[in-house]
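Each value in this text was obtained by applying a stated rule to the coordinates, not by laboratory testing. All values reported here derive from a predicted model rather than from experimental measurement. Every residue, glycine among them, receives a Cβ derived from its backbone with ideal geometry; neighbour counts consider all protein chains shown.
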Amino acid sequence: MTDFPSIDRYLENNQQSHLDQLFELLRIASISADSSKKSEMAQAANWVEAKLASGGLKTKQIAGNGPPLVYGETEPVPGKPVVLVYGHYDVQPADPLHLWKTPPFEPTVRDGNIVARGSTDDKGQMLTHVQSVLAWNATGQKLPLQVKFLIEGQEENGSEVLAEKLPDIGAELACDVIVISDSSQYGKGRPAITYGLRGIAYYEIRVHGPNADLHSGSFGGAVANPGLALARILTEMKTADGRIQLPGFYDPVIELEQSERDMWNSLGFSDEAMAKQLGVTELVGEAGYTTLERRWARPTMDVHGLLGGYQGEGGKTIIPSWNGAKISFRLVPNQDPKQVTQQLTEFLAAHTPPGVTVELIDLHGGRGVVVDPNSKFMKGASAAVEAGFGVPPVLIREGGSIPIVAKMVEATSADVLLLGWGQDDDGAHSPNEKFSEQDYYRGIKASSRLWHHLAI
Ligand code: BES
Ligand code: MN
Ligand code: MN
């Protein structure tokens, strides 16, 4: 018999220590996109491995062409399911630094929130599962099933090492269910289980004009302007009412089920409240769909950055020799990023204005996932979330992407439980990223119950 009161008491008595430990990890600037941070990546990997090992797990690091994977496992329990916890110890770059009220790698608690780069995405959320396994161990309880951890250091930058190692680590991956806490609750006090994530296909487009920047007085009117050509291409790619114009783009898209639309309509989402929170005049998107439908279950295209041309102070009268854009498509399950590359290539060939050439650079991609909301582990997960958060979770999908998940599912045929402890306004990837201190403790408690509920 599991002694839950003893685990609960342990968790209550160790909140400060759990916070201190998260702070230690948050102080390590493990920015996977930054090639000058190799030693921080190694430091973060070592920290995670040592933490797992301190709870008696058998651990190792799996080296590849980039930051190592950290792996750990508890004792096998014959006849019981195997759980694989996936998470990431890398974080997004912290710039623009001047917008942080306190430095990104000097964690602090402000207004009940843990503020630091990586607090919600994903160090804080990931650590909840580590702490809960350690709590079972520290209170002398034997886990009712085997828990494996696979924590990578490149989720924010393409997951190359994990993708490359997938075929070699079949034994480590083998599991019945993958548990991931790297997403959000529906809202404050409204925990959720997420049954779908969007995929992504990310590109850089470069429009090349003259062989050097030209005097726009001498040559303007005679030479195609790459900036204008790029603008034309981008606006033709997505109409004002939000439809993407790549040939065949919507063909594989699965329409929403009426039951999903009904379920989401009953969540009480407010467009006005979100517009206010984000500081925009109104929300916009594909005609015929609600905001939640557009964010969770419809594909879209966005521009992330515009490149080239004159970006300095004052004016400079040139026709730039080139301009570029970083863009991505969010995909829904059944869309394939490779197919999108093909469609984009065709689109660009047909839409390149006269006088310029277009170069397409394929940066990375991954398919979306939808899991069965009635899978056999859902009930147990729901009970665990309720035990940790005090209310039962609602079922949602989310718009973000964890591209490696589809590949892990393909490799294992396992079920997936996306148990997000964050909030939409946590500021992941933004300045002043935060994670609610209470949600960190609630997440640990929910996780401590999860092992019990998944074993039956
Ligand atoms: N934790 C996020 C994914 C996420 C965000 C899930 C919001 C659910 C809601 C993850 O770390 C992330 O940022 N993913 C990137 C993937 C990209 C770098 C390939 C994303 O979604 O942009
Ligand atoms: Mn993440
Ligand atoms: Mn992220």
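I need the fraction of alpha carbon pairs in the chain separated by more than 39 Å, rounded to a whole percent. Before the final figure, lay out each step's value.
Values: 25511 of 103740 pairs.
Distances greater than 39 Å cover 25 percent of the Cα pairs.
Sorted from largest down, what three extents in whole angstroms do the Cα atoms of the range 1-121 have along their principal axes?
Projected onto the principal axes, the Cα atoms of the range 1-121 cover 53, 40, 20 Å.
Restricting attention to the alpha-carbon atoms of the range 38-95, what are Rg (one decimal) and Dmax (integer), both in Å?
Cα only, the range 38-95: 13.5, 49 Å (Rg, Dmax).
For the range 67-194, compute the orientation-averaged projected area of the C-alpha convex hull (one quarter of its surface), in nm². Intermediate values should be presented prior to the final figure.
Details: hull surface 40.5 nm².
Projected area, direction-averaged: 10.1 nm².
So what are the radius of gyration and Dmax for the Cα set of the range 359-428, in Å?
Radius of gyration, then largest Cα-Cα span, for the range 359-428: 15.1, 53 Å.
Considering the zone a paramagnetic label at LEU363 would reach in this model (a point 7 Å from Cα along the Cα-to-Cβ line), which residues of the range 416-444 have amide N under 20 Å from it?
Counting backbone N atoms under 20 Å from the label point, the list is 427-431.
Give a residue-ordered list of calculated ³J(HN,Hα) values for the range 197-204 (Karplus: 6.51 cos²θ - 1.76 cosθ + 1.60, θ = phi - 60°; whole Hz; x for Gly, Pro).
3J(HN,Hα) across the range 197-204, in whole Hz: 10, 7, x, 8, 9, 10, 9, 10.
Which of rounded, prolate, oblate describes the range 97-143, given a ≥ b ≥ c as roots of the alpha-carbon gyration tensor eigenvalues and a/c under 1.5 marking rounded, otherwise prolate only if a/b is larger than b/c? It would help to have the intermediate numbers written out before the result.
Details: a/c = 4.29, a/b = 3.03, b/c = 1.42.
Prolate is the answer for the range 97-143, as a/c is 1.5 or above and a/b outweighs b/c.
Name the shape class, rounded, prolate or oblate, that the alpha-carbon gyration tensor gives for the range 171-261, where a ≥ b ≥ c are the square roots of its eigenvalues, rounded holds for a/c under 1.5, and otherwise prolate holds if a/b is larger than b/c and oblate otherwise.
Working: a/c = 2.89, a/b = 2.33, b/c = 1.24.
Cα axes put the range 171-261 in the prolate bin.
How large is the Rg to Rh ratio of the range 134-288 when both quantities use alpha carbon positions and Rh follows Kirkwood?
Values: Rg = 24.4 Å, Rh = 22.3 Å.
Ratio of gyration radius to Kirkwood radius: 1.09.
Output the 0 to 90 degree angle, nearest 10, between the alpha-carbon long axis of helix 437-454 and the longest principal axis computed from the alpha carbons of the chain.
That helix lies at roughly 60 degrees to the long axis.
Using alpha carbons only, how many degrees (0 to 90, rounded to 10) separate the axis of helix 378-389 from the longest principal axis of the chain?
Tilt relative to the chain: about 80 degrees.
Given the Cα-Cα distance of ALA33 and ASP3 and 0.36 nm per residue of separation, how much length would full extension add, in nm? If you can, show how the numbers build up before the last one.
On the way: separation 30, 0.36 × 30 = 10.80 nm, distance 4.36 nm.
The span from ALA33 to ASP3 would gain 6.4 nm if fully extended.
Given axes a ≥ b ≥ c from the Cα gyration tensor, I'd like to know whether the range 246-293 is rounded (a/c under 1.5), prolate (a/b larger than b/c) or oblate. Walk me through the numbers on the way to the answer.
On the way: a/c = 3.93, a/b = 1.39, b/c = 2.83.
Taking the square roots of the gyration eigenvalues as a ≥ b ≥ c, the range 246-293 is oblate.
At a Förster distance of 45 Å, what's the computed FRET efficiency of ALA174 paired with ASP425, Cβ-Cβ distance as r, to 0.05? Mind dumping the intermediate values first?
Working: r = 38 Å, r/R0 = 0.84.
That pair, ALA174 with ASP425, gives E of 0.75.
Please give the length that would be gained between MET263 and LYS316 if that part of the chain were fully extended, namely 0.36 nm times their separation in residues minus their C-alpha to C-alpha distance (nm, one decimal). Spell out each step's value before the answer.
Numbers: separation 53, 0.36 × 53 = 19.08 nm, distance 5.39 nm.
Separation in residues times 0.36 nm, less the Cα-Cα distance, equals 13.7 nm.
Counting pairs of alpha carbon atoms under 8 Å apart in space and at least six apart in sequence, what relative contact order in percent does the range 213-336 give? Working shown, then result.
Details: 125 pairs, mean separation 46.8, N = 124.
Reported as a whole number, the value is 38 percent.
Using only the alpha-carbon atoms of the range 329-456, report the extent along each of the three principal axes, biggest first, to the nearest angstrom.
Taking max minus min along each principal axis of the Cα atoms, the range 329-456 gives 63, 38, 21 Å.
At what distance in angstrom do the alpha carbon centres of the range 412-436 and the range 245-310 lie from each other?
19 Å
Could you calculate the FRET efficiency of LEU97 with LYS376 from 1/(1 + (r/R0)^6), where r is the beta carbon distance between them and R0 is 45 Å, rounded to 0.05? Show your work: numbers first, answer last.
Values: r = 47 Å, r/R0 = 1.04.
E(calc), rounded to 0.05, equals 0.45.
Say each of THR345 and ALA222 gets a label point 7 Å from the Cα, pointing the same way as Cα to Cβ; how far apart are those two points in nm?
Distance between the two pseudo-spin positions: 3.7 nm.
What share of Cα pairs, in percent, lie more than 20 angstrom apart in the range 217-372? It would help to have the intermediate numbers written out before the result.
Details: 7298 of 12090 pairs.
For the range 217-372, the fraction of Cα-Cα distances above 20 Å is 60 percent.
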